[in-house]
Amino acid sequence: MIFVYIALICYLPILIELHYYRKSPLEKYNALKNRIYGKEVFDYIIYWTSPYSGSIYPMVNTFNSEECKCSIIESRCLQNPYNCIHALALTNLGELTSGILMLEKLKSAKQKGILTKITSEYYRKGRGKITAICNIKNFNDGVIKTDLFDQYNNKVCTVSCTWVVK
């Protein structure tokens, strides 16, 4: 953990430049991903810019203009009384994953959008490491879907986010 804080201090000039020039999430991710603790620094950027989404401690595994994969690991603060990850933590992960991808799409297309509706469909209990996968090809009629899988590749949940894009 201390190494991440040291990396944050070392990368502070880069972070200031990325913020000053209003770079897209993908540009920020690409600037940091190959550096030592760069992905962890990007995760902390998410934690600071979106404290609610940061409350589930998400990790961005892969991110490009077509697809985004984020994950969370089951911990005590994410559990419900039934010894699995809380349903809203899963929805939060799905919304975050699709949101990062949509922000990139909107920024590159010079459009604006707002999230108006989130629906979740649960299939089984979420335990262990949960990975959310969102592909921009799933975006049609203003709805983008994110599938969440557990560590055994079982589908746990599907989160559908409805966006109004102008």
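Number of residues in the stretch 103-119 that are exposed (fewer than 13 other Cβ atoms within 10 Å of the Cβ), within 24 Å of residue 42 (Cβ to Cβ) and in contact with a Ser or Thr (Cβ under 9 Å, 6 or more places away or on another chain): the value is 1.
When you look at residue 114, is it within 17 Å of residue 163 (Cα to Cα) and either at pLDDT below 90 or within 14 Å of the chain's Cα centre (by Cα) (or both), yes or no? No; evaluated as a whole, the condition is false for this residue.
Return the only residue of 32, 96, 90, 106 being closer than 25 Å to residue 8 by Cα and touching a residue at least 40 places away in the same chain (Cβ under 8 Å). First the steps, then the outcome.
Details: 32 fails: touching a residue at least 40 places away in the same chain (Cβ under 8 Å); 90 fails: closer than 25 Å to residue 8 by Cα; 106 fails: closer than 25 Å to residue 8 by Cα.
Step by step, each of 32, 96, 90, 106 is checked, and only 96 is closer than 25 Å to residue 8 by Cα and touching a residue at least 40 places away in the same chain (Cβ under 8 Å).
Right, residue 100: surrounded by 20 or more Cβ atoms within 10 Å (Cβ to Cβ) and either in the same structural domain as residue 22 (by TED's automatic domain parsing) or not in a strand (DSSP E or B) (or both) or not?
On the way: surrounded by 20 or more Cβ atoms within 10 Å (Cβ to Cβ): yes; either in the same structural domain as residue 22 (by TED's automatic domain parsing) or not in a strand (DSSP E or B) (or both): yes.
Here the answer is yes, as residue 100 does meet what is asked.
All conditions but one from (1) touching a strand residue (DSSP E or B) at 6+ places or on another chain (Cβ under 7 Å); (2) within 21 Å of residue 126 (Cβ to Cβ); (3) buried (at least 18 other Cβ atoms within 10 Å of the Cβ) apply to residue 57; the one that does not is (3).
The values are calculated or read from the model by the stated rules, or taken from the named source; none is laboratory data. From a predicted model like this one, the values you see are computed outputs, not experimental measurements. Heads up, the Cβs are rebuilt from the backbone with ideal geometry, glycines too, and the neighbour counts pull from every protein chain shown.
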